[in-house]
Each structure stands twice: as structure tokens, then as C-alpha cells.
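See below for the structure under consideration.
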Amino acid sequence: MKLKRRRKLVTYLNILDQPIRFNPFVFSRTFILWAILGLLGGIIAGLYWIVLEFLTHKIAFFEGWFVIPIMAICGLLAGLIIHFIGDPGEIHLIVNNIRFNKGKLDPKNNPSMILSSLLCIASGGSLGPEAPLVQVIGSTGTWLGKVFRLKGEELRSMSIAGMASGFTAMFGAPLGGSLFSLEILHHKHAVEYYKAIIPALVASSFSYVVFALIIHLGLGTLWELASYQYSGVMDFGFSVLFAVSATAVGWLFIYCTKFFKSLFNKRPAPIYIKTLIGGVLLGIISYYFPLTRYFSHYQINELLAGDFTVYFLISILVFKILAISITVTSGWRGGFIIPLFFVGATLGLLIHQIFPSTSLTLAIICCMAGINACVTRTPMSTTILLATLTGFSYFIPILFASLTGYFLAPRIPFISSQMKNTEKSDTYKTHL
């Protein structure tokens with residue numbers, strides 16, 4: 001026993017004699033790469049947002065019936081860009097490359113994605129900039145990893161960190177954006193990528209700071225909801241009921257998208273013809289229901305501040321679903337997360353109009369969570385994103401609603417159902 005104690009004492013003294021070193025994990029080369037990627041991501045997202053705001057204000061000058069030809073022209077131009085410069089693919093291609101191609105995202109079609117998505121979003125398409133930013137910054141992570149000769153999981157982590165930077169820049173939520181970049185990679189396989197959570201958090205934090213500096217973003221909520229007062233344990237039951245109704249609308253959106261997808265694929269046509277037709281249809285909807293135009297970043301606050309009738313809210317709900325579905329299936333580029341939040345907010349207002357005794361804020365937040373979790377299969381990140389974007393500090397009702405939407409979602413994820421001609425994609429075949 002004395003010999004063992006003596007050995008322990010000698011070992012302890014040797015440890016004390018060693019020079020103090022910085023934690024090699026924190027101050028390693030990979031940490032610097034994650035930080036650089038976050039800085040680049042913030043710059044890319046900031047410049048993209050500035051150009052998007054500039055184009056949006058210029059195109060918004062055309063009002064009334066002029067919205068129909070201007071959206072048709074923008075759709076045609078976006079289609080021509082995709083046709084001649086290259087097809088940047090959709091979110092399902094990113095998912096497949098992360099899963100099957102060791103996380104390599106090809107940056108060669110980024111110019112096509114940037115130009116086409118700017119036209120689609122600025123002219124009033126019902127898709128947001130989160131998907132283009134995810135693809136562009138994610139592929140930047142791949143490029144940076146290749147420059148520094150990263151391989152295997154390190155390279156995959158760089159791509160996922162870039163994706164997280166894109167989500168974070170758009171939503172202003174580093175934790176929610178990081179989790180979203182993992183959960184969106186199919187819920188059954190998300191655990192495989194959780195080793196990338198630290199790279200995603202580091203890159204997201206740097207991206208958020210740079211993006212906030214460029215566009216002068218403050219710390220605060222994006223959408224203004226009335227304060228919520230907890231009224232008892234029945235609120236959790238109401239959360240589930242609200243989420244069930246939102247999930248039903250989510251199913252409606254998914255089948256509506258499948259319907260329009262079959263229509264656009266019924267007769268083969270060049271991409272610019274499809275985007276032109278999509279632009280005409282979206283212009284008509286926007287003419288009659290201006291609140292459905294754009295990707296709802298600002299329109300959600302307009303919706304919350306207004307005093308609308310039940311008939312008007314039903315109309316907005318139906319035609320916003322149609323607008324998102326047409327935008328997704330006609331070849332327009334962008335992401336559908338924020339538009340889905342708009343649909344959820346509309347449903348929450350409608351429920352409160354029909355049942356005035358229900359909590360307006362609880363109905364809105366739970367419907368937003370339920371429909372997004374149903375379509376995207378991302379309950380954890382949806383909970384954190386909504387809490388950050390709305391300032392709703394009660395996590396548990398949002399979590400209940402998100403889990404309800406997740407477990408009542410269709411068996412085949414929406415992103416998987418959107419895969420069309422995947423086996424015919426030259427990019428995908430090359431990666432396989």
C-alpha cells in the first residue's frame with residue numbers, strides 16, 4: 001500500500017512539474033477552420049441579404065396587375081439562368097451528398113443558385129433564402145476543407161458547419177441553426193452526424209456575429225407575439241390539439257405539392273417554361289392576395305397586427321399553401337421554412353377567431369411548430385428556433401406541439417418525396 005501511495009505521489013508531482021498548455025481541442029487547427037468558415041459564411045450571407053433587399057425594393061415598385069407580368073418575367077429569367085448556367089439542385093441533393101458522398105457539396109453551381117434564387121425571392125416567390133444560403137455556404141465549407149486537405153468525417157463536418165452557418169445567418173439562432181443542419185439530414189440518420197455539432201456551433205456563432213454586423217441586426221425577437229400567461233396544465237393539452245390541426249394542414253400542403261408536381265411533370269418541358277408558368281400563377285395569386293406574396297419574413301408581423309375576418313384568414317391559408325406548392329414544384333429556388341411558419345400563424349389566428357376563449361399566442365406558436373415539424377421532421381430545432389424568433393420563453397408547449405407534428409407526419413419525409421429523377425441526375429450519379 002505504501003508503494004502504491006508513493007507511486008501516486010510521484011505521478012502527481014510529475015504532472016505538476018509539466019508546463020501549462022492550452023487546451024489542444026479549443027486551439028487546434030480545426031477550430032480555426034470552423035471560425036474562418038463562420039466568418040466567410042457571415043460575409044456571404046450579409047452580401048446576399050443586401051442584394052436581396054435591394055432587388056426586392058426595386059421590383060416592389062410594380063404593383064397592382066403589373067405584379068403578374070413582372071413575376072412571369074422574373075420566373076423566365078430564373079429558368080434561363082438555370083438552363084444555361086447549370087441546375088443547382090434542390091435540398092434533397094444536399095441531403096444525399098452529405099449521406100452518400102462523404103459530405104462533399106459541389107460549389108460549381110453556386111452562381112446559378114445565387115442568381116436564380118435572388119430573382120425568385122425578390123420578385124415575390126413563396127420561398128425564402130435559407131435553402132440557397134445553406135447550399136452556398138455548405139459548399140464553401142467543402143471547398144475550405146479540400147484546401148486544407150481534410151478527409152472523411154472532418155470534411156463532412158466542415159460541410160455541415162457551413163450549412164449551419166447558412167441557417168443561423170437567416171434565423172439568428174446559432175443553436176437552432178446548428179441543430180437544424182443535423183435534423184434536416186433525415187431524422188433516422190441525424191444521430192450519425194452529431195459529432196459535427198461542435199463545428200456547427202462554432203461556425204454558426206462566428207457567422208451570426210458577422211451577419212449581424214453587416215446588416216446591423218439587433219438582439220431581439222423577429223415576430224411580435226402578445227405575452228403568454230400560463231393558465232394551467234390544460235395548456236399542454238391545447239398545445240397538442242393545436243398541433244394536430246396544424247399537422248392536418250401540413251398533410252394538405254404535402255399532397256398539394258405532390259399534385260402540382262405531377263402536373264408540371266406530366267409533359268416534359270424546359271425549366272424556363274415551368275418557371276414562367278409558375279411566375280404567372282404566383283402573380284395571379286399575389287394580385288388578389290398581396291399578403292401571400294414573398295417569403296413572409298415581414299408579412300408575419302403584418303398578419304399578427306391585422307384584424308382579419310374568418311373568411312379572409314381561410315382564403316390566405318388556402319392560397320398561401322397553393323403559392324408555396326407552386327413555387328416549390330415549378331422550379332423556383334428557395335426554402336419553405338419561413339413560409340410554413342406563416343401558414344402556421346394564419347391557422348393559429350383562424351382557430352382563435354373561431355374559439356375566442358383559446359390563448360391566441362399559444363395557438364399561433366403551436367400551429368407554427370406543428371406544421372414545420374410535420375413537413376421537415378425537425379422537432380428539436382423547430383422548438384429552439386421558434387422560441388428565439390418569437391421570444392416565447394415556455395419551451396414545453398412548443399416541444400409538445402413539435403413532437404405532435406413529428407409523430408403524426410407522413411411516413412415518407414417531405415424532402416424524400418421531393419426527389420425526382422434523382423437517379424438521372426449527373427451530379428448525383430457522379431457522387432455515387
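Scan the stretch 258-271 and tell me whether some residue there is crowded, with 17+ Cβ neighbours inside 10 Å and of a type in the set (S, T, N, Q).
No, every residue in the stretch 258-271 fails to be crowded, with 17+ Cβ neighbours inside 10 Å and of a type in the set (S, T, N, Q).
Out of the residues in the stretch 286-303 that are open to solvent by 30 Å² or more (accessible area, probe 1.4 Å) and among the hydroxyl-bearing types (S, T, Y), state the one that is nearest to W332 (Cα to Cα).
This residue is Y294.
With the requirement that a residue be over 17 Å from G125 (Cα atoms) and basic (K, R), what does the stretch 254-285 give you?
K258, K266, R267
Restricted to the stretch 369-397, and to residues that are open to solvent by less than 20 Å² (accessible area, probe 1.4 Å) and under 14 Å from T221 (Cβ atoms), which residue is modelled with the lowest pLDDT?
Across the stretch 369-397, the extreme among qualifying residues is F392.
Looking at the structure I just gave you, is A169 within 15 Å of V209 (Cα to Cα), modelled with pLDDT under 85, surrounded by fewer than 24 Cβ atoms within 10 Å (Cβ to Cβ) and under 18 Å from the mean Cα position of the chain (by Cα)?
Against the criterion (within 15 Å of V209 (Cα to Cα), modelled with pLDDT under 85, surrounded by fewer than 24 Cβ atoms within 10 Å (Cβ to Cβ) and under 18 Å from the mean Cα position of the chain (by Cα)), A169 does not qualify.
In the stretch 380-398, which residues are within 19 Å of the chain's Cα centre (by Cα) and closer than 21 Å to I300 by Cβ?
S381, T382, T383, I384, L385, L386, A387, T388, L389, T390, G391, I398
Is the stretch 133-149 home to any residue that is part of a loop (DSSP other than H, G, I, E, B) and free of Cβ contacts under 8 Å to residues at least 12 places away in the same chain?
Within the stretch 133-149, one or more residues are part of a loop (DSSP other than H, G, I, E, B) and free of Cβ contacts under 8 Å to residues at least 12 places away in the same chain.
If you go through the stretch 304-324, how many residues are within 15 Å of A345 (Cβ to Cβ), over 26 Å from the mean Cα position of the chain (by Cα) and either open to solvent by 70 Å² or more (accessible area, probe 1.4 Å) or of a type in the set (D, E) (or both)?
1
Considering only residues that are polar (S, T, N, Q) and surrounded by 24 or more Cβ atoms within 10 Å (Cβ to Cβ), look in the stretch 326-349 and name the one that is nearest to the chain's Cα centre (by Cα).
T327
Give me a count of the residues in the stretch 260-286 that are touching a Leu at 6+ places or on another chain (Cβ under 8 Å) and of a type in the set (S, T, N, Q).
Of the residues in that region, 1 qualify.
Tell me which residues, restricted to the stretch 28-59, are free of Cβ contacts under 8 Å to residues at least 60 places away in the same chain and among the aliphatic types (A, V, I, L, M).
Correct list: I32 only.
Please note which helices (runs of 4 or more DSSP H) are completely contained in the stretch 3-111 and include at least 2 residues that are open to solvent by less than 60 Å² (accessible area, probe 1.4 Å), modelled with pLDDT of 90 or more and not charged (D, E, K, R).
29-59, 67-85
So which of V280, V318 ends up being in contact (Cβ under 8 Å) with a residue 60 or more places away in the chain, assigned to a helix (DSSP H, G or I) and of a type in the set (V, I, T)?
The unique qualifying residue is V280.
Only one of (1) surrounded by fewer than 24 Cβ atoms within 10 Å (Cβ to Cβ); (2) of a type in the set (S, T, Y); (3) out of contact with any Phe, Trp or Tyr (no Cβ under 6 Å at 6 or more places or on another chain) is not met by T361, so which one is it?
Of (1) surrounded by fewer than 24 Cβ atoms within 10 Å (Cβ to Cβ); (2) of a type in the set (S, T, Y); (3) out of contact with any Phe, Trp or Tyr (no Cβ under 6 Å at 6 or more places or on another chain), only one is false for T361: (3).
Cβ-Cβ distance below 7 Å, separation of 6 or more or different chains: which pairs start in the stretch 173-199 with a residue that is under 14 Å from T378 (Cβ atoms) and end on one that is outside any helix (DSSP H, G or I) and modelled with pLDDT under 75?
Note: pairs meeting the criteria are H186/P413; Y193/L185.
The values are calculated or read from the model by the stated rules, or taken from the named source; none is laboratory data. Just so it is clear, the model here is predicted, and its values are computed rather than measured. Every residue, glycine among them, receives a Cβ derived from its backbone with ideal geometry; neighbour counts consider all protein chains shown. Please note that ligands, DNA and RNA were not included when accessible areas were found on the heavy atoms of the full protein model with its side chains. Shrake-Rupley method; radii C 1.70, N 1.55, O 1.52, S 1.80 Å.
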